[in-house]
Amino acid sequence: MTAVVFWALAVVSVAAGVAVFVVDSMARATFALLASLLAVGAAFLLIDLEYLGVLIVLMMVMEMLVMAVFMIMYMMNPAGLMPMRMVHNNRAALVISGSVFVLLAAGIFGTSWPSRRGRPPADPAHALGLAIMGPKMLVMMVVGVAILATMISTVVLATHRGRYDRYGDDLRRGRPLDPGPEPAAEDGREQPR
């Protein structure tokens with residue numbers, strides 16, 4: 001049963017990865033990439049690599065959400081949903097990606113890898129987690145806060161006014177200054193903004 005679920009997750013991951021380059025909008029490509037990476041994280045959880053599986057799921061969900069927030073704020077078309085060509089310069093892309101693949105494969109098979117020294121740890125995932133995060137936990141916490149501050153600052157800078165600006169700088173305006181034309185004054189002219 002585990003093997004069937006693993007291969008199903010592998011198929012979902014590859015299919016969603018292909019969909020990233022097939023769909024016609026940035027938002028759909030983002031969510032296809034998220035689906036692919038969630039399937040990879042679930043596959044890691046399935047083979048008892050809990051730490052890496054949870055890390056992949058948490059990091060990819062947050063990364064894709066940040067990407068979606070930035071798309072909604074900064075893309076000219078609404079939220080990246082308008083159809084657009086997702087692949088540019090196909091020939092050069094194929095040549096470059098094929099060359100990089102051949103180079104990496106040659107590096108894998110051409111390198112004289114060192115032989116294993118000692119015995120593997122009892123829990124390889126735990127040892128890997130300590131090796132990756134142990135001495136760098138403070139750095140990761142600071143980076144997380146910096147990313148959160150960047151997101152909040154971007155949202156604040158993207159909005160040209162806050163919710164209290166509707167009532168004026170001193171908050172004494174009787175009616176809020178909402179988007180759109182103001183109600184006509186008694187003399188028929190629009191109220192100044």
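The values are calculated or read from the model by the stated rules, or taken from the named source; none is laboratory data. Please read all numbers here as calculations on a predicted model, not as lab measurements. Positions of Cβ are backbone-derived with ideal geometry, glycine not excepted, and every protein chain shown enters the neighbour counts. These accessible areas exclude ligands, DNA and RNA; they are computed on the full protein's heavy atoms, side chains included. Shrake-Rupley method; radii C 1.70, N 1.55, O 1.52, S 1.80 Å.
Working carefully through the options Met75, Met71, find the one that is within 27 Å of Leu157 (Cα to Cα) and either under 12 Å from the mean Cα position of the chain (by Cα) or open to solvent by 70 Å² or more (accessible area, probe 1.4 Å) (or both).
Details: Met75 fails: either under 12 Å from the mean Cα position of the chain (by Cα) or open to solvent by 70 Å² or more (accessible area, probe 1.4 Å) (or both).
Of Met75, Met71, the one residue that is within 27 Å of Leu157 (Cα to Cα) and either under 12 Å from the mean Cα position of the chain (by Cα) or open to solvent by 70 Å² or more (accessible area, probe 1.4 Å) (or both) is Met71.
If a residue has to be open to solvent by 70 Å² or more (accessible area, probe 1.4 Å) and over 21 Å from Phe44 (Cβ atoms) to count, how many in the stretch 104-133 make the cut?
10
Using the structure shown, decide if Gly129 is touching a Phe, Trp or Tyr at 6+ places or on another chain (Cβ under 8 Å), of a type outside the set (Ser, Thr, Tyr) and at pLDDT 75 or above.
Numbers: touching a Phe, Trp or Tyr at 6+ places or on another chain (Cβ under 8 Å): yes; of a type outside the set (Ser, Thr, Tyr): yes; at pLDDT 75 or above: yes.
Yes; evaluated as a whole, the condition is true for this residue.
Can you find even one residue in the stretch 96-111 that is more than 19 Å from Tyr51 (Cα to Cα) and part of a loop (DSSP other than H, G, I, E, B)?
There is at least one residue in the stretch 96-111 that is more than 19 Å from Tyr51 (Cα to Cα) and part of a loop (DSSP other than H, G, I, E, B).
List, please: which pairs have Cβ atoms under 7 Å, are six or more places apart or on different chains, and start with a residue in the stretch 87-115 that is under 20 Å from Val18 (Cβ atoms) and end with one that is open to solvent by 100 Å² or more (accessible area, probe 1.4 Å)?
Cβ pairs passing all conditions: Val87/Phe21.
Scan the stretch 45-55 for residues that are under 14 Å from Leu128 (Cα atoms) and open to solvent by less than 60 Å² (accessible area, probe 1.4 Å) and report the count.
Of the residues in that region, 4 qualify.
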